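The values are calculated or read from the model by the stated rules, or taken from the named source; none is laboratory data. If you're wondering where the values come from, they're calculated on a predicted model, not measured in any experiment. Note: ideal-geometry Cβ built from the backbone for every residue, glycine included; neighbour counts use all protein chains shown. Note: accessible area is taken over every heavy atom of the protein model, side chains too, but ligands, DNA and RNA are not part of it. Shrake-Rupley method; radii C 1.70, N 1.55, O 1.52, S 1.80 Å.
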Amino acid sequence: MAGSAEMASLEESFRKFAIYGDTKATGQEMNGKNWAKLCKDCKVTDGKSVTSTDVDIVFSKVKGKTARVINYEEFKKALEELAPKRFKDKSKEEAYEAICQLVAGKEPINVGVTVGK
């Protein structure tokens, strides 16, 4: 399984995306919109093997029946679900490791932020 340092930065990424655009968010739970953003920003979605539809389906699958958000444990399950689709040529463990590396240490990309010249 992934090292604890990698897991810590994975959790940190989860929190950063979980609070993105929501001033009231605690970082404990992530909504579907932010989950989709995380998948897009971290290149989990590639438009071929993993599409935004796959991302939505997995989100619905891992969250509680009446829930509208996922917690960190469910988030890891969701990554585990997407890993074999994204990395078809790897074993389940290697795929999960690779998908974690895509996400670990990343922050939301702010769309439309202009960088001064």
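Over all distinct Cα-Cα pairs of the chain, the Kirkwood formula returns a hydrodynamic radius of 14.4 Å. Is any residue of segment 76-98 close enough, with backbone N under 15 Å, to a label point placed 7 angstrom from the Cα of E11 along the Cα-Cβ axis, and if so, which? Flagged as within label range: 76-77. For the pairs K16/K43; K65/K106; K16/K92, flag any whose C-alpha to C-alpha distance is greater than 19 Å. Cα-Cα > 19 Å for K65/K106; K16/K92; rest within.
Give the aspartates and glutamates reachable from K88 as a straight Cα distance under 20 Å; neighbours fewer than 8 places away on the same chain don't count. Answer for K88, where 20 Å is the Cα cut-off: D46, D54, D56, E80, E97, listed by chain and number. Rolling a 1.4 Å probe across the protein heavy atoms gives the chain an accessible surface of 62 Å² per residue. Rounded to the nearest 20 debye, the dipole magnitude of segment 2-103 is 420 debye, with +1 charges on Lys and Arg beta carbons, -1 on Asp and Glu beta carbons, and the Cα centre as origin.
Taking the chain as a Gaussian network of alpha-carbon nodes connected by springs under 10 Å, the highest mean-square fluctuation of the residues E93, E107, E74 belongs to E93.
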